1. Eigenvalues of the Cα gyration tensor times 5, then square-rooted: what semi-axes does that give for segment A:80-188, in whole angstrom, largest first?
2. Using the structure shown, list the pairs from B:K110/B:K350; B:K64/B:K119; B:K119/B:K235; B:K64/B:K167; B:K64/B:K142 with a Cα-Cα distance above 31 Å, or answer none.
3. Provide the FRET efficiency to the nearest 0.05 for the A:E88-A:Q67 pair, computing r from the beta carbons and using R0 = 41 Å.
4. Per-residue mean of other chain beta-carbon atoms within 10 angstrom of the beta-carbon, peptide B:460-467?
5. Excluding ligands and nucleic acids, what accessible area in Å² is computed for B:H302 using a 1.4 Å probe, to the nearest 10?
6. Taking the Cα centroid of segment B:267-322 and of segment A:306-323, what is the distance between the two, rounded to the nearest whole Å?
7. Within segment A:177-213, list the residues whose amide N lies under 19 Å from a label point set 7 Å along Cα→Cβ of A:I118.
8. For the full complex of protein chains and a 1.4 angstrom probe, list A:W377, B:W61 by accessible area with the highest value first.
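The values are calculated or read from the model by the stated rules, or taken from the named source; none is laboratory data. Model, not experiment: these values are computed from the prediction. Heads up, the Cβs are rebuilt from the backbone with ideal geometry, glycines too, and the neighbour counts pull from every protein chain shown. Accessible surface areas use protein heavy atoms only, side chains included; no ligands, DNA or RNA. Shrake-Rupley method; radii C 1.70, N 1.55, O 1.52, S 1.80 Å.
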Amino acid sequence: MSSTVRLIRFPTALRAIAGPYSARRASSTLQNPKKDASVAHHHRSQTHHHHVSYSETDDAVPQLASQPIHRLSLADLVKHGRPPLSAEALLSSARFTLSLLPIRLAHRIQALRNLPYIVVSNPNIRRIYNNYQHSLSTLLPWQGRTISNLEDEIRFTEVLAELVQTHTDTIPILAKGFLECRKYISPAEVTRFLDQHLRARIGTRLVAEQHIALHYSSSPHFDPSSSPTPCPENPGYIGVIDTALRPASTIDSCGSFVADICELNYGVRPEWIINGNPDTTFAFVPMHLEYIITELLKNAFRATVENGMNKSPVEITIAPEPPSSISTPVTLSPPSISLGAFNRDHIQPLDDNAPGVTIRIRDRGGGISADVLPHIWSYSFTTFSENDDDNPPGAWSDDALSVISAASSGGSSIAGLGYGLPLSRAYAEYFGGGIAVQSLHGWGTDVYLRLKGVGRIE
Amino acid sequence: MPRLMLQHVTAAVRLSRAGELRTWGAAAARAQLPNRRQSHTSSQSHAHSPKWRPVSVLDEWVAKEARPISLRQLMVFGRSLTESRLISSANYVRTELPTRIAHRIRDMQKLPYVVVTNKHFNEVYDLYYTAFDTFRKVREVKTLEDNDRLCATIRTMLNAHLTVIPKLAMGILECNGLKDAAELDKFMNTILRSRISRRVIAEQHLALTETFHAPWFSPGAKLSETDFIGEVFLKCVAKDVVSHCGDAVLSIARHAYGPDIPLPEIKIDGHLEANFPYILSHLEYIIGELLRNSVQAVVEKHQKSKNKPPKPPPIEVTICESNQHVIIRISDQGGGIPRESMPYLWSFSKGPASKEILANLEQVPKMAATMQELQIDNDDSNNKNNKPTKKMEPPHSHHLHQKYGHQSAQSISQERQQEKEQDDRAKYSSLASLSSRPPNLRLGMGLPLSRVYAEYWAGTLALHSLEGYGVDAFLQISKLGNKNEQLTTRATMDAV
């Protein structure tokens, strides 16, 4: 089993989502990036040891949390136009981002506060709680202000960068905390909390990351080398969204990565074929797709190898939905040669019925047995029995996947029963897609990943 | 027990004495004539005022609980059959049928007035009430002659109720908007499940009676355990059922589309030995519907494609057997299900498509009785080849015995005697007829009805659409009778 634990312990995909900033911020053009990072770090280590002092956030939370969360759509994220953004468009993006974040954070804090006292007293859970309190406190001074000049916008973007950085390791820390607390809270409650929390987190990070990416690709701050995403160099990108994402390319790159790991651990390299319409492109967030595909391929490859079916390639079918008769293409002004020439800051809202892509991953890995099947969507540690007490799931590290995936390696027929599937589904569902798993026990598994696009952006 | 007899539930077409294919529908077609005329003259339904009936009689019966019978009990009855067991089975059926029907009548009475006065619902209501009145008046069965009379009544009723499913489906469509679609679906599911349970009980008893009267039968003799599964349940070899249904569907498609349109190949792989006891007609109906959907989608997509390859992509069927289940996966590349249809996929209500489906269903009351003789009008726009329509004859039905391995030593000698009976029995199954209509006649109830049947026997039916590419359908079958705990499930389901 140790080899399988190792197999599923590769953090790259998650890092790509969780912390693209850590590597790139050094060259940031933001005014004081180093200071930001150290402040954040200091704050975290401090709150780890001391009971956080109640602050102005306590008064703000109930009021903010009483406001509904804006349901984010991909359309929201591209509505400020195609990069390079003009100063005015950038300010508008900042204002939009500011209008969302405090409410989102307050809702999370509220949810954490509603957990049992004994759970939030756990050092790991409290660390996350304090992170949220801290992040909200950095945003509260902006409340009631209008970001109307570029200096404000730079400072605001710094706050966002710190926020993204602070919450990078949330998932493994929460997982550890809940594992330690599992005697005091039911699996159902943990699942409900995590489902909500992880989904909310996806949106919060995306809002923040989108503005940061737009910042670097705006005319005033144009700086490709500092950006966490390739947006400025690539005209297909709007912030963190690739408007011409080719799933087949993602599958091939994630596939060869997962196959490398397989080769290392099993000495065999599973094969895959892509059929259907491999040339399909659509608008989506590449880091989300990479995470999902990596998780799904890990499961498929591992099952195939362990079932001795290396000769049967994993079949991946890409099916673009035909354009619906009722949907109309989204029109975005093309990037203007003279910088900042976006005619309008706000484009038409995108069609939520826009056609998407369905990707089927079909393996001959023996399927999932009927007793495991009901648990594939739960976070692994919630289904631990008391007997597992002596056997903590692997060494805890900051690498989310090792923590999470190791937990699932106890003889189950597919890998990554930890966070892999539920989190992948959370990513897929975020924009209205989904994941369905159909097992043919004794034969193989079909996984259907449906992703909703934003439609054609012209 | 001649195994040949076991297929009487399903076989729509029997080998006649002369060895030629003969449809059973001719007699029934004549019987249905008044009905046909009616459906021609009044395609639009009019509100039907309910006939007055005393409520108190029904109340008495509604107060009784249904007495579920487990699959095991069904089997034990047949394993060692005596006169007293047969009589006791008769009395069970005699009281159980009116009880169960009474509950369904009460369900209908609770629907809004506007729904039950719909022409189609009202006809079903009358059919049910007549059946209820008939069965509740049957006196206690004490002799074999009493039992024969009961069996004759059961046969008449089974036959008269063949039109129930299409009528209900039309009723639902016409009541679009009069009541919440989800509520109507719930009603449909209950009434259809109940219908399955009643027909299983009734057909089981008819089969027991036939066995008892068979010349080879000696009362109390134990039947061989290895051969015997049950009167109603047959040992189904998944691969054989799929390939038989596939042949039938392709032949119907060949007939509907004409000789020049290339049809997809149906490939079968996986665990080809997988077998399980099941009601063959139910399995054939489900598989037939799924394959029909696939064939139609693949052919029509292929016809529309521009640079079409000479042959459309195959339909791939994978059979997978595990300890408790057999899963049949049907994968096609027929373009998938359009988004707009998804909300109505599993519903008997069809939203915007209601009108077209209603028009198609207008042809079904005839079909329910005489599917094999369905005439598609030459001017029917659905009919692409404007050729005179011949009889729809599912091919290879005469191979049924060999294919399903139902040939036994006694069966040869008994075959002829039983032919008439079996022809009669075949009429009881409206399912076989529903699945042999032309593939382009959409009724919109294949999937929801198939799901009711699959779930009734503790199975599942799921569909995954890759829009723009194709559909994967998954039918999961519980290996009933192998596990005791599933009998409880069955008993619970049976109580509807």
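1. Details: eigenvalues 234, 34, 25 Å².
Computed over segment A:80-188, the values are 34, 13, 11 Å.
2. Working: B:K110/B:K350 23 Å; B:K64/B:K119 29 Å; B:K119/B:K235 40 Å; B:K64/B:K167 28 Å; B:K64/B:K142 22 Å.
The pairs that break the limit, which is 31 Å between Cα atoms, are B:K119/B:K235.
3. Numbers: r = 27 Å, r/R0 = 0.65.
Step by step, r from the Cβ atoms, then E = 0.95.
4. Details: counts 0, 0, 2, 1, 9, 5, 12, 10.
Going residue by residue through B:460-467 and averaging, the value is 5.
5. 10 Å²
6. Segment B:267-322 and segment A:306-323 have Cα centres spaced 19 Å from each other.
7. A:177-193
8. Numbers: A:W377 55, B:W61 30 Å².
Listed by decreasing accessible area, they come as A:W377, B:W61.
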